[in-house]
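Any read-out appearing in this document is the output of simple, stated calculations on the displayed coordinates, not a laboratory observation. Please read these numbers as outputs of a predicted model, since none were measured by experiment. A quick note on method: Cβ atoms are made from the backbone with ideal geometry, for glycine too, and the neighbour counts reach across all protein chains shown.
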């Protein structure tokens, strides 16, 4: 029976994922052409797309701590990075109007990269200082428009679920914008879709949303201490 379920979900993934993604791409292109501010409509579609993509692959999300997100405040969400499934997971764990901040190279990924650009996400070219500053200015504009920000400070996926070194970029954005940080820990996603694999292993993924950490008193000279606080939050849930 378990083998039959596995085959069923893998067949539904192989057939359903490309169809759903192309439908969502067409939807995003259409609304980017016919509306002046397509982000809200495209964002709503992204959450439906994510829910359906996970369901087709036999995935179940257990999200804990959503009560820690105050709908009246703006946040910088930071998570560990375990799998390509993280895109869908974060879309379902964070509130509407959450903008992803990612690497410039993300735009080169067929279809997903196009959706990233069409939906108003922010790509930062870290190899060019001036372009990186331009990306930060775009992030500030998004905040002024009432958006949240999301980043994965590891910068790359984990092969075995262990937490990698955290890069300073996300914390410099926190220092600059003074947005409170909410750590989001994703557990077991690497088992569901390991790095360099394309077929999902059906099952559950746990997501823990922590309480907000204020950044108003942060200073450049104490940034390493604050980074360690976020790191400890991730490690606490990964070890549970």
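Normalised by the number of residues in the stretch 33-156, the average gap of Cα pairs under 8 Å and 6 or more apart makes the relative contact order 33 percent. Normalised size of the chain, defined as Cα radius of gyration per 2.2 N^0.38 Å with N residues, equals 1.00.
In percent, how large is the relative contact order of the stretch 60-238, given Cα pairs closer than 8 Å and 6 or more residues apart? That works out to 32 percent.
Sort 232, 157 by Cβ crowding within 10 Å, fewest neighbours at the top.
Fewest-to-most ranking of 232, 157: 232, 157.
Sorting 169-181, 81-93 by their mean Cβ neighbour count within 10 Å, with the most densely packed peptide first, gives 81-93, 169-181. Taking the stretch 55-71 and a reference point 7 angstrom along Cα→Cβ of residue 3, no backbone N atom is nearer than 15 Å.
The ellipsoid that matches the Cα gyration tensor of the stretch 1-122 has semi-axes, each √(5λ) in whole angstrom, of 25, 20, 14, with the longest given first.
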